[in-house]
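Q: Shown below is the structure under consideration.
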């Protein structure tokens, strides 16, 4: 059925508050988009990586009154927030949305696709269903794409994987779908771990994905350690991630720029030997093997 939608767009550096307002007023969908080419802010390991200024899009049914939502956004976010409202009239929004977010292929057989997107794949395809949201969480960001391509190239059967900074859970779910024996997904943001559990359930891999507190992770037991965050926290987390990696484990680091490769790899050089970096659009992925001693 073709219907109209109310779309409210707010540009702000207080993304969590904007999302909370949209949730409070019953948005049918909420999407966070980077406003341009600026880099995500580099925060400490105890801060949540996010865009320094973002466009938060809330989608509501046609008969929703926009005025109280705009008033709430203005009250919570202050005068610096830019708020727009649009009516998507006589448009099948779901079809348009799916057209704007087509299935993405990584490697030979891994696909990331929205839940309702039709996809014509070969028999051996592995399909992860995940609706678009944060750029870091859907495979559209180069650093996430770099990690997904690496996962798609590996034989993960029987391996124990740690996804440190799991976000939407996309890497955890992909690892489980690709055969990992178990995956531990952790994040400082409770919303992220909740989203990971929900997405894992929708992809039927909940039995192999755990989301414990960061302090409850067993050290030295993971065959693969993934960390798709940013350069500064990657450097600060080096002792922690090294401790979680088993002997001969593989370490995959992403979220850093090409100019940060040497600085990040140096932080792990006492424990890991790195191969050549993989690069996409100025972003890099480092892959290293832990030494036996």
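The values are calculated or read from the model by the stated rules, or taken from the named source; none is laboratory data. Small disclaimer: the values here were computed from a predicted structure and weren't measured. Positions of Cβ are generated from backbone atoms using ideal geometry, with glycine treated the same way; all protein chains shown enter the neighbour counts.
Q: Among the residues of segment 217-236, are any assigned by TED's automatic domain parsing to the domain that holds residue 153, surrounded by 22 or more Cβ atoms within 10 Å (Cβ to Cβ) and more than 25 Å from residue 279 (Cα to Cα)?
A: yes
Q: Could you check segment 155-185 and list, in sequence order, the residues that are part of a loop (DSSP other than H, G, I, E, B), in contact (Cβ under 8 Å) with a residue 60 or more places away in the chain and more than 15 Å from the chain's Cα centre (by Cα)?
A: Filtering segment 155-185 down to residues part of a loop (DSSP other than H, G, I, E, B) leaves 155-156, 158-159, 165-169, 178-179, 181.
When the remaining residues are screened for being in contact (Cβ under 8 Å) with a residue 60 or more places away in the chain, the result is 156, 159, 165, 167, 178.
Correct list: 156, 159, 178.
Q: Is it true that residue 79 is at pLDDT below 85, surrounded by fewer than 14 Cβ atoms within 10 Å (Cβ to Cβ) and assigned to a strand (DSSP E or B)?
A: On the way: at pLDDT below 85: yes; surrounded by fewer than 14 Cβ atoms within 10 Å (Cβ to Cβ): yes; assigned to a strand (DSSP E or B): no.
No; evaluated as a whole, the condition is false for this residue.
Q: While we're looking at this one, here's another question. Kindly provide the set of residues from segment 124-147 that are part of a loop (DSSP other than H, G, I, E, B) and at pLDDT 70 or above, ordered by number.
A: Answer for segment 124-147, where residues must be part of a loop (DSSP other than H, G, I, E, B) and at pLDDT 70 or above: 124, 125, 130, 141.
Q: Just a yes or no: is a residue in segment 262-278 in contact (Cβ under 8 Å) with a residue 40 or more places away in the chain and not in a loop (DSSP other than H, G, I, E, B)?
A: Yes, because at least one residue in segment 262-278 is in contact (Cβ under 8 Å) with a residue 40 or more places away in the chain and not in a loop (DSSP other than H, G, I, E, B).
Q: List the number of the failed condition for residue 32; all other conditions in (1) out of contact with any strand residue (DSSP E or B) (no Cβ under 8 Å at 6 or more places or on another chain); (2) modelled with pLDDT under 80 hold.
A: Residue 32 satisfies all of (1) out of contact with any strand residue (DSSP E or B) (no Cβ under 8 Å at 6 or more places or on another chain); (2) modelled with pLDDT under 80 except (1).
Q: Here are some residues: 110, 178. Which one is in the same structural domain as residue 214 (by TED's automatic domain parsing), on the phi < 0 side of the Ramachandran plot and modelled with pLDDT of 90 or more?
A: Exactly one residue qualifies, and that residue is 178.
Q: Under 6 Å between Cβ atoms, which residue pairs at least 6 apart in sequence (or on different chains) link something in segment 77-96 that is more than 26 Å from residue 14 (Cβ to Cβ) with a partner that is at pLDDT 60 or above and surrounded by 13 or more Cβ atoms within 10 Å (Cβ to Cβ)?
A: Taking only residues 6 or more apart or on different chains, the pairs are 89/4; 93/5.
Residue by residue, here is whether (1) over 19 Å from residue 233 (Cα atoms); (2) at pLDDT below 90; (3) assigned by TED's automatic domain parsing to the domain that holds residue 239 holds:
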| residue | (1), (2), (3) |
| --- | --- |
| 158 | yes, no, yes |
| 162 | no, no, yes |
| 173 | yes, no, yes |
| 193 | no, yes, yes |
| 209 | yes, no, yes |
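Q: Let me ask something additional. Among residues belonging to segment 198-207 that are in contact with a helix residue (DSSP H, G or I) (Cβ under 7 Å, 6 or more places away or on another chain) and touching a residue at least 24 places away in the same chain (Cβ under 8 Å), point out the one that is surrounded by the most Cβ atoms within 10 Å (Cβ to Cβ). First the steps, then the outcome.
A: At the first step, the residues of segment 198-207 found to be in contact with a helix residue (DSSP H, G or I) (Cβ under 7 Å, 6 or more places away or on another chain) are 199-200, 203, 205-206.
Subsequent filtering for residues that are touching a residue at least 24 places away in the same chain (Cβ under 8 Å) retains 199-200, 203, 205.
Numbers: 199: 25, 200: 23, 203: 20, 205: 20.
Here the answer is 199.
Q: So, in segment 6-22, exactly how many residues are surrounded by fewer than 20 Cβ atoms within 10 Å (Cβ to Cβ) and either modelled with pLDDT under 80 or not assigned by TED's automatic domain parsing to the domain that holds residue 80 (or both)?
A: 1
Q: I would also like to ask the following. Could you count how many residues in segment 279-293 are assigned to a loop (DSSP other than H, G, I, E, B) and under 24 Å from the mean Cα position of the chain (by Cα)?
A: Initial filter on segment 279-293 (assigned to a loop (DSSP other than H, G, I, E, B)): 281-282, 291-293.
Narrowing further to those that are under 24 Å from the mean Cα position of the chain (by Cα): 281-282.
Residues flagged as assigned to a loop (DSSP other than H, G, I, E, B) and under 24 Å from the mean Cα position of the chain (by Cα) within segment 279-293 amount to 2.
Q: In addition: With the requirement that a residue be assigned to a strand (DSSP E or B) and either surrounded by 16 or more Cβ atoms within 10 Å (Cβ to Cβ) or outside the structural domain of residue 180 (by TED's automatic domain parsing) (or both), what does segment 238-256 give you? Don't jump to the end; show me each part of the working.
A: Of all residues in segment 238-256, those assigned to a strand (DSSP E or B) come to 245-256.
Of everything in segment 238-256, those that are assigned to a strand (DSSP E or B) and either surrounded by 16 or more Cβ atoms within 10 Å (Cβ to Cβ) or outside the structural domain of residue 180 (by TED's automatic domain parsing) (or both) turn out to be 245, 246, 249, 250, 251, 252, 253, 254, 255, 256.
Q: Give just the number: which of (1) out of contact with any helix residue (DSSP H, G or I) (no Cβ under 8 Å at 6 or more places or on another chain); (2) surrounded by fewer than 19 Cβ atoms within 10 Å (Cβ to Cβ) does residue 193 not satisfy?
A: Evaluating residue 193 over (1) out of contact with any helix residue (DSSP H, G or I) (no Cβ under 8 Å at 6 or more places or on another chain); (2) surrounded by fewer than 19 Cβ atoms within 10 Å (Cβ to Cβ) leaves (2) as the failure.
Q: Condition first: at pLDDT 95 or above and under 16 Å from residue 148 (Cα atoms). Can you find one or more residues in segment 232-249 that meet it?
A: No, the conditions are met nowhere in segment 232-249.
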